[in-house]
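**Student:** Below is a structure I'd like to ask you about.
The values are calculated or read from the model by the stated rules, or taken from the named source; none is laboratory data. Computed from a prediction, not measured in an experiment: that's the story for all the values here. Here Cβ is always computed from backbone atoms with ideal geometry, including for glycine, and neighbour counts include all displayed protein chains.
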Amino acid sequence: MSRTPPLAWGRGPDEVLATLRRREWDDAARLRGRLLDDYPFPIRIPLGVPTGEQAIEDLARFRRWIDDWRRYAHAERVLWKSRRLRRLGEQRLPVALVIGSVQELATVLGRSALGRMQAWEPMLAPLLTLADAPRRAALYRALVRRLERIEGLPADEIELLARLVPQLAPDMGRGAYLRALPLRGIDTKFVERQQVLVTDLLDVLHDGAVTAAGGLRSWLGSLEAPDGWLVVRPLCDTARMALGGLPILQLPARHLAERALPAGRVLVVENLQSGLALPALPDTIAVAGTGRNLGWLAAPWLADKRVGYWGDIDSWGLQMLGEARGHCGHIEPVMMDERTLEAHRDRVVQEPQSCAPSDDRLTEQEVSLFEKLRSGGTVRRLEQERLSVDWIAAELARWRDA
């Protein structure tokens, strides 16, 4: 008859700490539960006290196990008890590692865990100030539930979030698109990118009203963004009435090539969402979401119009500006200059896949701008969605009055 092998005994500090890290720190749901007291402290990890027979069979290991826990750097967290072991008599043995708080957990796990924990306070502090005292505990819970997402945000974006939330109010976007919210110092792409987090924070501050309304866009009263084809959007009442009172149209590019738009200015916008963010502008119609669908710019009726082009400040944006100029020689770049780049340099990122714009269709200033983007060995980019709303309004007014 086979004997059952004896249970493993004598768990040392390295093994216990690896288990503790895996179960309590690297498990995001478990860590959130500890922070929110859904899984109350203390944590108690048994150290595998041997029987007398097991200790006698490997006495050197038994003594080494006890010494390891005596020398352990955080010995104050070790629970010791007296046990009578067969043939060894009374012994004072390490029974368990006991952790009483998140601070203690991070401390025993070492420098990386402690550094991470110490970063939470300055990271969460700007957001916790959004709530008054009665709501602060609920706001803390909402932030902890999104801890991994918040940890992924750089400090400047956390500050943006803290500046954004107080500017949002129910129905403030009524009749407009999400990208057209009247925000100060905030780009509306940031709003879309952080919708989940913004919704959580607003739900705390407004007693769940955002989720009850069906989501952020509905709570703000914003229109759903259209998709497909080219989007034609009149930016003034006169142009809208000339288009039958319609605030937005979707048309195939060939229709634009055949029919003149009823405004003195046409603003071509590379990305659809940026076109939806445009403010009112007299005698102007925007054509948005063009991408590289630019052949319609060769339409003869555009010869009598003032035509602007606004795209990303990156290699592809400059490439498309050159293509647009090839169809419409008098086209004017808007917000595609070094002033705009410098004003938003904290929002510049690396371009994942760049091209080499054709120099023969770019001005000397535009070639210089591209050289600035690729200085340092990598090509950088500033997406048009990252421009602040107030900057867009001011620069369009400059273009209008030029």
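**Student:** Out of curiosity, is Arg233 farther than 30 Å from Asp132 by Cβ, of a type in the set (D, E, K, R), in contact with a strand residue (DSSP E or B) (Cβ under 9 Å, 6 or more places away or on another chain) and not in a helix (DSSP H, G or I)? Write out each step before concluding.
**Tutor:** Values: farther than 30 Å from Asp132 by Cβ: yes; of a type in the set (D, E, K, R): yes; in contact with a strand residue (DSSP E or B) (Cβ under 9 Å, 6 or more places away or on another chain): yes; not in a helix (DSSP H, G or I): yes.
The answer is yes for Arg233.
**Student:** Kindly provide the set of residues from segment 49-60 that are of a type outside the set (S, T, N, Q) and surrounded by 15 or more Cβ atoms within 10 Å (Cβ to Cβ), ordered by number.
**Tutor:** Val49, Pro50, Gly52, Ala55
**Student:** Looking only at segment 241-276, which residues are in a loop (DSSP other than H, G, I, E, B) and under 15 Å from Val334 (Cα atoms)?
**Tutor:** Correct list: Glu270, Asn271.
**Student:** Could you grab me the full set of residues in segment 92-107 that are assigned to a strand (DSSP E or B), in contact (Cβ under 8 Å) with a residue 24 or more places away in the chain and either of a type outside the set (A, V, I, L, M, F, W, C) or crowded, with 17+ Cβ neighbours inside 10 Å (or both)?
**Tutor:** Leu93, Pro94, Val95, Ala96, Leu97, Ile99 - these are the residues of segment 92-107 that are assigned to a strand (DSSP E or B), in contact (Cβ under 8 Å) with a residue 24 or more places away in the chain and either of a type outside the set (A, V, I, L, M, F, W, C) or crowded, with 17+ Cβ neighbours inside 10 Å (or both).
**Student:** Tell me which of these Ser375 doesn't satisfy, since it passes every other one: (1) at negative phi; (2) at pLDDT 95 or above.
**Tutor:** Single failed check for Ser375: (2).
**Student:** Here's something else I'd like to know. Of all residues in segment 342-360 being out of contact with any Lys or Arg (no Cβ under 7 Å at 6 or more places or on another chain) and aliphatic (A, V, I, L, M), which is surrounded by the most Cβ atoms within 10 Å (Cβ to Cβ)?
**Tutor:** Going through segment 342-360, the residues out of contact with any Lys or Arg (no Cβ under 7 Å at 6 or more places or on another chain) turn out to be 342-343, 345-346, 352-360.
Restricting the remaining residues to those that are aliphatic (A, V, I, L, M) gives 343, 356.
Working: Ala343: 16, Ala356: 11.
Ranking the candidates gives Ala343 first.
**Student:** Additional query: Report, by residue number, each residue of segment 283-316 that is part of a loop (DSSP other than H, G, I, E, B), under 17 Å from Met335 (Cα atoms) and of a type in the set (Gly, Ala, Ser). Don't jump to the end; show me each part of the working.
**Tutor:** Of the residues in segment 283-316, the ones part of a loop (DSSP other than H, G, I, E, B) are 283, 289-294, 299, 305, 311-312, 314.
So of that shortlist, the ones also under 17 Å from Met335 (Cα atoms) come out as 289-291, 311-312, 314.
Answer for segment 283-316, where residues must be part of a loop (DSSP other than H, G, I, E, B), under 17 Å from Met335 (Cα atoms) and of a type in the set (Gly, Ala, Ser): Gly289, Gly291, Gly311.
**Student:** Now a separate question. Sort out which residues of segment 179-206 are of a type in the set (D, E, K, R) and at pLDDT 95 or above, and write them in order of number.
**Tutor:** Selection gives Asp200, Asp203.
**Student:** Now for a different question. Going by the conditions given, is Gly311 out of contact with any Phe, Trp or Tyr (no Cβ under 9 Å at 6 or more places or on another chain) and modelled with pLDDT under 95?
**Tutor:** Values: out of contact with any Phe, Trp or Tyr (no Cβ under 9 Å at 6 or more places or on another chain): yes; modelled with pLDDT under 95: no.
No.
**Student:** Any idea which of Asp68, Asp27 is surrounded by fewer than 18 Cβ atoms within 10 Å (Cβ to Cβ), without any contact (Cβ under 8 Å) to a residue 12 or more places away in the chain and out of contact with any Ser or Thr (no Cβ under 6 Å at 6 or more places or on another chain)? Working first, answer last.
**Tutor:** Numbers: Asp68 fails: without any contact (Cβ under 8 Å) to a residue 12 or more places away in the chain.
Result: Asp27 is the single residue among Asp68, Asp27 that is surrounded by fewer than 18 Cβ atoms within 10 Å (Cβ to Cβ), without any contact (Cβ under 8 Å) to a residue 12 or more places away in the chain and out of contact with any Ser or Thr (no Cβ under 6 Å at 6 or more places or on another chain).
**Student:** Also: Answer with yes or no whether Gln319 is free of Cβ contacts under 8 Å to residues at least 40 places away in the same chain, polar (S, T, N, Q), within 18 Å of Gln384 (Cα to Cα) and not in a loop (DSSP other than H, G, I, E, B).
**Tutor:** yes
**Student:** Continuing with this model, one more query. For segment 200-228, what are the residues that are surrounded by 15 or more Cβ atoms within 10 Å (Cβ to Cβ), part of a loop (DSSP other than H, G, I, E, B) and not hydroxyl-bearing (Ser, Thr, Tyr)?
**Tutor:** His206, Ala213, Gly221, Ala225, Pro226
**Student:** What helices (runs of 4 or more DSSP H), lying completely within segment 3-75, carry at least 1 residues that are within 31 Å of the chain's Cα centre (by Cα) and in the same structural domain as Glu104 (by TED's automatic domain parsing)?
**Tutor:** On the way: elements: 13-20, 28-35, 52-57, 59-71.
It comes to 13-20, 28-35.
**Student:** Does Val16 fit the bill of being in contact with a Lys or Arg (Cβ under 6 Å, 6 or more places away or on another chain), surrounded by 13 or more Cβ atoms within 10 Å (Cβ to Cβ), β-branched (Val, Ile, Thr) and closer than 29 Å to Glu148 by Cβ?
**Tutor:** Here the answer is no, as Val16 does not meet what is asked.
**Student:** Going through segment 256-291 one residue at a time, which ones are under 11 Å from Cys236 (Cα atoms), buried (at least 24 other Cβ atoms within 10 Å of the Cβ) and either free of Cβ contacts under 8 Å to residues at least 60 places away in the same chain or in contact with a helix residue (DSSP H, G or I) (Cβ under 6 Å, 6 or more places away or on another chain) (or both)?
**Tutor:** Across segment 256-291, the qualifying residue is only Ala286.
**Student:** Have a look at Ala280, Ala260, Ala286 and point out the one that is aliphatic (A, V, I, L, M) and over 23 Å from Gly175 (Cβ atoms).
**Tutor:** None of the other options fit; the residue is Ala260.
**Student:** Separate question: Filter segment 133-175 down to the residues that are surrounded by 14 or more Cβ atoms within 10 Å (Cβ to Cβ), free of Cβ contacts under 8 Å to residues at least 60 places away in the same chain and aliphatic (A, V, I, L, M) and list them by number.
**Tutor:** Leu143, Ile150, Leu153, Ile158, Leu160, Leu161, Ala162, Leu164, Val165, Leu168, Met172
**Student:** Condition first: assigned to a helix (DSSP H, G or I) and touching an Asp or Glu at 6+ places or on another chain (Cβ under 8 Å). Now tell me which residues in segment 151-191 satisfy that. Walk me through it before giving the result.
**Tutor:** The initial filter retains those residues of segment 151-191 that are assigned to a helix (DSSP H, G or I), namely 151, 155-167, 178-180, 188-191.
Within segment 151-191, Asp156, Leu178, Arg179, Thr188, Lys189, Phe190 qualify.
**Student:** Return a yes/no flag: does segment 104-120 have any residue that is outside the structural domain of Arg34 (by TED's automatic domain parsing) and among the acidic types (Asp, Glu).
**Tutor:** No: zero hits.
**Student:** Out of (1) assigned to a helix (DSSP H, G or I); (2) over 22 Å from Trp25 (Cα atoms); (3) within 15 Å of the chain's Cα centre (by Cα), what's the single condition that is false for Pro126?
**Tutor:** (3)
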